1. Keeping all protein chains in place, calculate the accessible area per residue for the chain (probe 1.4 angstrom), answer in Å².
2. Pulled fully out, how much extra length does the chain show between Arg76 and Ser196, if you take 0.36 nm times their separation in residues and subtract their Cα-Cα distance?
3. If one computes P(r) from the Cα atoms of the stretch 217-313, what percent of pairs lie at distances over 23 Å?
4. Take the residue pairs Lys190/Lys232; Lys365/Lys509; Lys489/Lys509; Lys360/Lys456 and return only those whose Cα atoms are more than 22 Å apart.
5. If you roll a 1.4 Å probe over the stretch 399-501 with all protein chains in place, what percent of the accessible area is carbon or sulfur?
6. Please check which bits of the stretch 112-131 a label hung off Thr167 would reach, taking the label as a point 7 Å along Cα-to-C-beta and the cut-off as backbone N under 19 Å.
7. What is the sum of charges around Ala209, taking Lys and Arg as +1, Asp and Glu as -1, for the other residues whose C-beta is under 12 Å from the C-beta of Ala209?
8. How large a share of the accessible area of the stretch 71-176, in percent, is made up of carbon and sulfur atoms when the probe is 1.4 Å and the other protein chains stay in place?
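The values are calculated or read from the model by the stated rules, or taken from the named source; none is laboratory data. Predicted model only: the values in this text are computed from it and were never measured. Methodologically, a virtual Cβ is constructed for each residue, glycine included, from the backbone with ideal geometry; neighbour enumeration extends over all protein chains shown. Side chains included, ligands, DNA and RNA excluded: accessible areas come from the protein's heavy atoms. Shrake-Rupley method; radii C 1.70, N 1.55, O 1.52, S 1.80 Å.
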Amino acid sequence: MGRSTRREFLKRGAVLAAGGSSAAIGLGRLSERLLAADASATNEPSDSLQNFATGGRQGIACVRREPAEAARDILRQGGNAVDAACSALLVLFVIEPSMTGVGGYGGTMVMYDAKGGRVRTIDSTTRAPRRFDLSKFDAKSANHGYRAVGVPGNLAGIILALHQHGTMPFTGVAQAATGLAENGFPVLPKLSKEFSGLVTDIDPTSRRAYFPNGVPATGAIWKQPDLARLLKRLGDEGPESFYKGEIAAIICKQVQANGGRLAEDDFHDFEATSSEPLHITYRGYDLYTPTLPSAGLTSLSTLKTLEQFDLSKLEPWGAEYYALLVDAMTLAWGERDRYFGDPDFVKVPIERLLSEENAKANAAKIRSGDVPPAQKVSEASHTVNVVVADKDQNIVSWTATHGNDFGSHVAIEGLGLMLGHGMSRFDSPPSSPNYPAPRKRPQHNMSPVVVLKDGKPVAGLGLPGGTKIVNVTTQMASNFIDFHADAEKIVSAPRLHTEGRDPVQVSAKMSDEVIAALEKKGHKVRRFPTVGGNANAILIDQQSGELQAAAGAPADHGVILF
């Protein structure tokens, strides 16, 4: 499918009205609208529910309308793409509390800086407490409870992004999120279901901290006054106060009183990091993603192997393409299992893994049928992503997470703060480069991507979805570059996932012909409603300057171009 024309997109009626603000909508009408939209969507992301737009010079793609509107308002006030992305993320921290939060374990951002003409990244992945005790650590404590907690990294990423690339103060970009926390928003059926799961596995102190007025029912307006006060305090004192002063002391006191190892000095010297991105050329395009412990190295390695094959001779999204994809992914995941860990602790041969020589060696294995299976077990994940482009062609893709539903299930009294469970992202075998250690960052799955052509930005891509993020990112880039897909097709094409062993997972849109071909090659295949989360894409036409955008979001949520 080729890129859609402007007229075709406008026929869809997907461009949101330019005027208005989410703050002006009465809560009653807002509740009715959101509940109606939620009723029309599945509880899990579905690659049949899309949101598309075209024609503007700046815009946002994300999973919900509220963060999109917050980002739009920042852009209208003169903020840039980084300011707008920070505002959207902070709103998501409030309204998608199972997926991410101010206390989430971390995130990763990649951006094209139009003024500097370069791509930069920010990583805010948690670090294990310096007093981490391996003898008291097991699979259960890694997931839920006070020993699952590392230093929360999400806010550190926003602090560094605003300092290095933003134009607005924290108070300004946090205004929409603060209002939603203070005034409340309707509890949709999906969130209500998530609350039901949380309360079955949360300690009494955390339950009291998170639900001081009881668990809100579906359709009720959920207010988070403690979180609102925290956001206001961060605006007054500066967001750095989260890591330097009384807030850190409050968090650590509760964590330590319940057997956790997190201490104030873990907060005091914690900072997000800025670095050069990982980079490959792929069929004349330049692709950039954050370096380890982010997961884009696997996505890029898979693409370099695919580059050794002439996909133009294959049917787009056909059986031969997906069979090749399974083999390339299997080899790349084998590399991840063998090598990937925090580069502060382990030496990872990044340059070799992205080299032409490695890609040719992998291609030779595929042609000879020498593709050994991998063994690592994947994990679920609940995460968010936003993609923003501004009038100067700055473009940002940013992914942030708690981990799984509500992270550690630990909420801090007086702060309304749910903490992520970054410790769950370490691997248990001592031989693994991702084995836990004090102050070590876990390997994670987030891999946002920015694409350039002839030195100019042409795409920002990203999605949530645990380990599936890695493989869907590969497919989104291939959809765009190999098959010349428009934003709609980039996020909605059939998807496939493997980490090197069967069953191969495919999305509902995958054709029976492809599944039969994979089974004929000896694979076991399972079809799911979708593979990976709701993806976001913004494309920039370098001739006209106009944007296309798509979000794999329910109903009319998530995309605004203007």
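1. On the way: 20270 Å² over 562 residues.
Accessible surface, normalised per residue, equals 36 Å².
2. Numbers: separation 120, 0.36 × 120 = 43.20 nm, distance 3.86 nm.
Result for the pair: 39.3 nm of gain on full extension.
3. Numbers: 2744 of 4656 pairs.
Summing the P(r) of the stretch 217-313 above 23 Å gives 59 percent of all pairs.
4. Values: Lys190/Lys232 28 Å; Lys365/Lys509 29 Å; Lys489/Lys509 12 Å; Lys360/Lys456 28 Å.
Listed pairs above 22 Å: Lys190/Lys232; Lys365/Lys509; Lys360/Lys456.
5. On the way: 960 of 1950 Å².
Reported share for carbon and sulfur atoms: 49 percent.
6. The answer is 112-120.
7. Combined, the nearby Lys, Arg, Asp and Glu give -1.
8. The C+S portion of the solvent-accessible surface of the stretch 71-176 is 50 percent.
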